[in-house]
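Student: Before we start, here is the structure in question, set down as structure tokens.
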Amino acid sequence: MKPLDPISDEIETARRQAHVYQSRGDRESASKVIDAVIAKYPDHPDAQEAYVDYLIYAGELNQAKDLLAKIVGAFPGRIETERKYARLVLKLEERNLSTSLLMGEGDFASLMNPAGVKRSAGTAAILSLLAPGFGQIYNGQLMRGIVLLLVAVVLWTLMFTVGYVGAGQSGQMTAVGWALAVLLAAFYLGCLLDAAISAPKHAIAAPARPTPPVDKPFE
């Protein structure tokens, strides 16, 4: 049976009281309770961790992480504290990644080509055959694909405007039209080969899961 510790019991009571205040939206009262217990037991790890819980509930995750790091360093062997620290580090890493994507800090290719997803050279080639640029877009090369698609549209437009003489079935392809046809064929082939060759190069490796900052197992 765990021996009674009046100080730890007092701190735990204060922590729960602060939590109740916070759940009611009364942050000022919660702060007063935590400040009082910290002032009374400034060097006690339970009091410091009660302040950590207050910070986490208030959304001050970075400040809570820094304080937890100090507690872990000053009081080794507190397994639950180390687990809490590890979970908080992982949560912050996930939040920072989500924020960077929402703010557009990651390049758009990363969004088009999700981490760890392999790109098929065959699929990229087939898409390029359907329309130049589609294979590049599939690979995550969005701007490159759009440019190639626009070039194809321009070439087709020129072919049907200046490459033909006459209208309807009586129309005949001019020398310019034949030149544009050859250019289009070469362009299609180039886009196809580029997409097929580039597909394996644009598979982004899955991000490594952050390593817990302690060597203890955690849930």
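Student: Listing Tyr85, Tyr164 from the residue with the fewest other Cβ atoms within 10 Å to the one with the most, what is the order?
Tutor: Tyr164, Tyr85
Student: Still on this structure: May I ask you to compute the full-extension gain from Leu158 to Arg24, defined as 0.36 nm times their residue separation minus their alpha-carbon distance, rounded to one decimal in nm?
Tutor: Full extension from Leu158 to Arg24 adds 41.3 nm.
Student: Taking amide H positions as placed 1.01 Å from N in the peptide plane, with prolines and chain starts having none, which residues 5 or more places from Thr174, or on another chain, fall under 5 Å of its amide H?
Tutor: Tyr164, Val165
Student: Same structure, new question: What order do you get for 134-147, 175-188 when each peptide is scored by the mean count of other beta carbon atoms within 10 Å, highest first?
Tutor: The peptides rank, most packed first, as 134-147, 175-188.
Student: Next question. Remind me, relative contact order of the stretch 121-202 in percent, using alpha carbon pairs under 8 angstrom and six or more residues apart?
Tutor: Computed value for the stretch 121-202: 41 percent relative contact order.
Student: Can I ask one more? Taking a cut-off of 17 Å between Cα atoms, list the aspartates and glutamates near Lys70, but don't count ones fewer than 8 places away on the same chain.
Tutor: Asp43, Asp46, Glu49, Asp53, Glu60, Glu80, Glu82, Asp215
Student: Which order do peptides 69-79, 189-199, 53-63 fall in by mean Cβ count within 10 Å, highest first?
Tutor: Output ranking for 69-79, 189-199, 53-63: 189-199, 53-63, 69-79.
We did not get these values from a lab; they are worked out from the coordinates using the rules stated. Values in this document were obtained by computation on a predicted structure and should not be read as measured data. Virtual Cβ from ideal backbone geometry, glycine too; neighbours counted across all protein chains shown.
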